[in-house]
Amino acid sequence: MNHAEEIWKTLVRATVDKKHPWRVAGFGTAGANGPQVRSVILRAVNAVEHQLVFYTDARSQKMADIAHDPRVALLFWNAGNNTQLRVCGKASCESSELIVNDFWDQIPDYARRDYATLSAPGHVLGSGGLLHDFETARRNFVVLNVGVHSMELLVLKREGHVRMGFEKRQGGPWQETGLVP
């Protein structure tokens, strides 16, 4: 098995193992106000299409950033084996209502509250506290796909660090290149 396949299998594993270190990733955007990074949870992986799937609120700053520039970067870190994965790709909203509804149906009721707030994420909390409108929650829910076009794996080892770059070939396998750590 090549290294790119191993990476994709590990990413798939992170979607089913809630304790996997790659389940939570740093998600970077380049919005109109400059770079922004926040943590996101990896929800699904399409290894065939080389896509990573996340959930977000349609009203979030990351959606405004993506509208400005759909290029994104992700950072995964595993402290257990000192492995860092950097991913670059292009983000887009899932357009299939069937797919979005399927993901929505998997979300427990307590988590749906996050999409039901009257104010957008990051807005100043009013004196009345959080107000919810559960009728609009599904409308605010977005499934975000990141089409991956490059990856870089860094493994920190006492006997010598290892770094590899991966570029997506059009219709072909990932091209792996050894890099200076």
Report summary line: Within region 58-85, residues being surrounded by fewer than 17 Cβ atoms within 10 Å (Cβ to Cβ) and in contact (Cβ under 8 Å) with a residue 60 or more places away in the chain number 4
Query raised in the report: Residue check, Arg158 against (1) at pLDDT below 95; (2) crowded, with 17+ Cβ neighbours inside 10 Å; (3) under 30 Å from Pro181 (Cβ atoms), all met but one. Which one?
Result: (2)
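How many residues does region 138-155 hold that are closer than 16 Å to Val100 by Cβ and surrounded by fewer than 19 Cβ atoms within 10 Å (Cβ to Cβ)?
Filtering region 138-155 for residues closer than 16 Å to Val100 by Cβ gives 138-146.
Subset that is surrounded by fewer than 19 Cβ atoms within 10 Å (Cβ to Cβ): 138-139.
So the answer is 2.
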Requested in this report: Answer with yes or no whether Ile41 is at pLDDT 95 or above and surrounded by 17 or more Cβ atoms within 10 Å (Cβ to Cβ).
Outcome: no
Report summary line: Among residues of region 5-29 being aliphatic (A, V, I, L, M) and over 30 Å from His68 (Cβ atoms), the residue nearest to the chain's Cα centre (by Cα) is Val12
Report task. Filter region 132-154 down to residues that are out of contact with any Ser or Thr (no Cβ under 7 Å at 6 or more places or on another chain) and farther than 29 Å from Leu11 by Cα, then give me how many there are. Result -> 4
Query - Any chance Lys168 is within 20 Å of the chain's Cα centre (by Cα), surrounded by 10 or more Cβ atoms within 10 Å (Cβ to Cβ) and more than 18 Å from Cys93 (Cβ to Cβ) - result: yes
**Report entry** Matching option when the condition is farther than 21 Å from Pro21 by Cα, in contact with a Cys (Cβ under 8 Å, 6 or more places away or on another chain) and in contact (Cβ under 8 Å) with a residue 12 or more places away in the chain, among Val100, Val180, Val142
**Finding:** Val142
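So that you can scan it fast, the table gives a plain yes or no per residue for (1) farther than 30 Å from Met151 by Cα; (2) of a type in the set (Gly, Ala, Ser); (3) modelled with pLDDT under 80; (4) buried (at least 16 other Cβ atoms within 10 Å of the Cβ):
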{"site": "Phe103", "(1), (2), (3), (4)": "no, no, no, yes"}
{"site": "Arg113", "(1), (2), (3), (4)": "yes, no, no, no"}
{"site": "Val124", "(1), (2), (3), (4)": "yes, no, yes, no"}
{"site": "His132", "(1), (2), (3), (4)": "yes, no, yes, no"}
Report task. Please enumerate the residues belonging to region 96-152 that are within 26 Å of Ala73 (Cα to Cα) and in a loop (DSSP other than H, G, I, E, B). Result -> Ser96, Ile107, Ala120, Pro121, Gly122, His123
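The values are calculated or read from the model by the stated rules, or taken from the named source; none is laboratory data. Remember, it's a predicted structure, so these values are computed and weren't measured experimentally. As a convention, Cβ positions derive from the backbone with ideal geometry for all residues, glycine included, and neighbour counts pool all protein chains shown.
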